[in-house]
1. Which order do peptides 84-90, 65-71 fall in by mean Cβ count within 10 Å, highest first?
2. In the range 178-277, which GluC sites (Glu not before Pro) fall in coil by DSSP and have 15 or fewer other Cβ atoms within 10 Å?
3. If you take the Cα Rg of the range 173-226 and divide it by 2.2 N^0.38 Å, with N the number of residues, what do you get?
4. Where the Cα atoms of the range 192-282 are projected onto their three principal axes, how long is each span, largest first, in whole Å?
5. How long is the gain from T230 to S186 if the chain were fully straight, where each residue apart is worth 0.36 nm and the alpha carbon distance is subtracted?
Amino acid sequence: MSAQWHHASEDFWDDHPEAPRRRSKKKPLGRRQLAHLTSTDDIDVQDDIIRRLQDLGHITEVVAELKSGKEATAYVARGPRGSVLLKLYRDLEARSFKDDSVYRAGQVILDVRAKRAMEGRTRKGLEMLQHDWVNAEYARLWQLWQAGLPVPEPLVGPHPYDYAQTVPAVLMRLVGTEDDVAPRLSDAPLTPEQAQSAWRQSVQGMADLLRLGYAHGDYSTYNLLWWEDTVTIIDFPQLTTRQNPHFRDLLARDAQSLVTSFRKHGIQADADATLREVQRRALGPAPTPRLLLP
Ligand SMILES: Nc1ncnc2c1ncn2[C@@H]1O[C@H](COP(=O)(O)OP(=O)(O)OP(=O)(O)O)[C@@H](O)[C@H]1O
Ligand SMILES: [Mg+2]
């Protein structure tokens, strides 16, 4: 089953106009080069993961480190289908998913032993949690991408058997190019017209998520990319469903973060009015789904 999925999508991408970009000779400026990551004598965990991804054929090389966040490090890599954004989750102890209870509230964990291990925050429990988070990020990326939302295309899957093998890494299509990676909206210089457009797209994106029953949980210009006048939503591990008793609060907080983070672009909006607009648009037309070829 998974092999069929694989082949179908590979054939699809072989013919796709966006498929493998020409390799750029210019090295990205201002970023750390990562030749050491692929050397065989380094026993660093990250090296093992990178090698596993290479063995699985998902990437051919890591080009540069893009950004080291508190939970994950983002790398620019190359794969058979073009440029890849490789999000590699950090060591378990450093992860803030240890404090994820507000997002996990209302979730039902059927496996009693897993539930105990997770609640106990043992090493094994943390590993299970991390596995859960990474798999959930892939599953959501696939769902949102197929539903036509402006999110990066996941590059492993859609069968969970395939993407489970890349944990603790998530592979998705790079937004922008290797030499000119899409900035976050928080960093992008925008004209007033672009700011208006980015705002409209961001409100629409939040509405599209809500239509599917989701609150992003960390929705602000820090998790929105800007490329060719188009907004792309990123960063989904804390995506929350209506089952969560805090759902309304998280949604209201997202509206507030969006409003606050857009002020620097000259957008003066009211958080309550924005939330109502999001709710109104969530009842409106949905984006056109992206269909996988059989
Ligand atoms: N598909 C993508 N294309 C280009 N850049 C991306 C993509 N996905 C993520 N990034 C970049 O990588 C950074 C980290 O990604 P993300 O926000 O998902 O992780 P994070 O763990 O929340 O990190 P941070 O704490 O820095 O926000 C983003 O801020 C963005 O600059
Ligand atoms: Mg982020």
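Every number here is computed from the coordinates shown, using simple stated rules; none is lab data. None of these values were measured; they are calculated from a predicted model. No Cβ is skipped: glycine too gets one built from the backbone with ideal geometry, and neighbour counts run over all protein chains shown.
1. Those peptides, ordered most packed to least, come out 84-90, 65-71.
2. E228
3. Taking N as the residue count of the range 173-226, the ratio is 1.23.
4. Sorted from largest, the Cα extents of the range 192-282 read 38, 24, 20 Å.
5. 14.4 nm
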